[in-house]
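Taking it in order: structure first as structure tokens, then the write-up.
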Amino acid sequence: MDLELSGKVVLVTGSSDGLGAAVARRLVREGARVALCARGAERLEATAAALRAEGGDVLAMQADVSKAYELEHFVDAAQARWGRVDGLVNNAGSAAGKPFASVTDAEWEADLQLKLFAAVRASRHVLPHLSASGGGSIVNVLSIRAKEPGAQSTPSSVTRAAGMALMKALSKELGPRDIRVNAVLVGMIESGQWEKRAQKAGKPLAEIQAELARNAGVPLGRIGKPEEFADVVAFLLSPRAGYISGTAINVDGGLSGAV
């Protein structure tokens, strides 16, 4: 399927590696022009170089999205380079979960700044550019914990739930401007943490991942691939998903009990 993303400009936060990098790679292969940002300059440049080697038109900028001025500078740089913005993927964030009573105010604040307020600011700052382009798409990357928070999952589960509420509110408000807003809720997806766990256990990576999927009760019986996640995000960004908005899609192999 041609996703009709060729020539479109998409911004992806938290894109130096992992899921963000997978999304950027998928977009580049669809012919989109992609702006990347992350805090770590070395990994960011390595990812950007790999994408350029594939023929990608890529802008890479070191930025901490929890700092408003750095995030705004990133958006402005993409607009200045290509003269338009068609899509935004709010991907920056990390898992943070522990017993509620042990979470300090500073940890709550840091999590909210990184995952919620960064998405608020990025969405607000791209809004005029999306409108000038005649519409566009915003995708918030969240966790299945946004729908099904578990014990010892704060502050992340609460912050992610707020991100889902933001998505829904924006989809209602921005729909008349032909700006679609959706969320992708991630379950167990391959990442560097599993490789470290396999090395520590002295077991093959495939064996560790199979154990994790089995113990978690993933109905498909395996850990998801970053490329499978990236395919969903790319589709939601594309004109081919033109009548999908206000939706949170689980990419979890059927693990979540919530629809």
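The values are calculated or read from the model by the stated rules, or taken from the named source; none is laboratory data. Values in this document were obtained by computation on a predicted structure and should not be read as measured data. All Cβ positions, glycine included, derive from the backbone under ideal geometry; neighbour counts span all protein chains shown. To get the accessible areas, we keep the full protein, side chains included, count just its heavy atoms, and leave off ligands, DNA and RNA. Shrake-Rupley method; radii C 1.70, N 1.55, O 1.52, S 1.80 Å.
Of the strands (runs of 3 or more DSSP E) lying entirely inside the range 4-94, those containing at least 1 residues that are among the hydroxyl-bearing types (Ser, Thr, Tyr) span 9-13. Screening the candidates Arg39, Arg33, Arg25 for the property of being crowded, with 16+ Cβ neighbours inside 10 Å, closer than 16 Å to Pro226 by Cα and not hydroxyl-bearing (Ser, Thr, Tyr) yields one hit, Arg25.
Listed conditions (1) surrounded by fewer than 18 Cβ atoms within 10 Å (Cβ to Cβ); (2) at pLDDT 95 or above; (3) part of a helix (DSSP H, G or I); (4) touching a Gly at 6+ places or on another chain (Cβ under 9 Å) are all met by Gly246, apart from (3).
In the condition set (1) under 24 Å from the mean Cα position of the chain (by Cα); (2) of a type in the set (S, T, N, Q); (3) open to solvent by 40 Å² or more (accessible area, probe 1.4 Å), Asn215 is compliant with all but (1). Kindly indicate which of Ile208, Ile223 is closer than 26 Å to Val259 by Cβ and open to solvent by less than 40 Å² (accessible area, probe 1.4 Å). Within the list Ile208, Ile223, the selection yields Ile223. Counting just the residues of the range 188-204 that are outside any loop (DSSP other than H, G, I, E, B) and open to solvent by less than 60 Å² (accessible area, probe 1.4 Å), which one comes out farthest from Ala132 (Cα to Cα)? Result: Ala201. Tallying residues that are at pLDDT 95 or above, open to solvent by less than 60 Å² (accessible area, probe 1.4 Å) and at positive phi within the range 2-22 yields 1.
Every condition in (1) at pLDDT below 95; (2) more than 15 Å from the chain's Cα centre (by Cα); (3) closer than 30 Å to Lys8 by Cα holds for Pro204 except the one numbered (3).
The conditions of being open to solvent by 70 Å² or more (accessible area, probe 1.4 Å), more than 21 Å from Ser94 (Cβ to Cβ) and among the β-branched types (Val, Ile, Thr) are not met by Val181.
Of the residues making up the range 124-139, those that are open to solvent by less than 10 Å² (accessible area, probe 1.4 Å) and part of a helix (DSSP H, G or I) are Val126, Leu130.
Is it the case that Ala63 is under 15 Å from the mean Cα position of the chain (by Cα) and modelled with pLDDT of 95 or more? Answer is no for this residue. Selection of the range 167-187 for residues being assigned to a helix (DSSP H, G or I) and within 14 Å of Val126 (Cβ to Cβ) yields Leu170, Leu174, Arg177. Among the residues of the range 75-113, those that are surrounded by 21 or more Cβ atoms within 10 Å (Cβ to Cβ) and either under 23 Å from Leu174 (Cα atoms) or touching a Leu at 6+ places or on another chain (Cβ under 7 Å) (or both) comprise Val75, Ala78, Val85, Asp86, Gly87, Leu88, Val89, Asn90, Asn91, Ala92, Gly93. If the condition is being among the acidic types (Asp, Glu) and either under 20 Å from Asp86 (Cβ atoms) or buried (at least 19 other Cβ atoms within 10 Å of the Cβ) (or both), then the range 226-243 contributes only Asp231. May I ask you to verify whether Leu255 is surrounded by fewer than 20 Cβ atoms within 10 Å (Cβ to Cβ), free of Cβ contacts under 8 Å to residues at least 40 places away in the same chain and in a loop (DSSP other than H, G, I, E, B)? Answer is no for this residue.
Would you confirm, using the coordinates I've provided, whether Arg145 is closer than 20 Å to Val23 by Cα, charged (D, E, K, R) and either assigned to a helix (DSSP H, G or I) or in contact with a helix residue (DSSP H, G or I) (Cβ under 8 Å, 6 or more places away or on another chain) (or both)?
Here the answer is no, as Arg145 does not meet what is asked.
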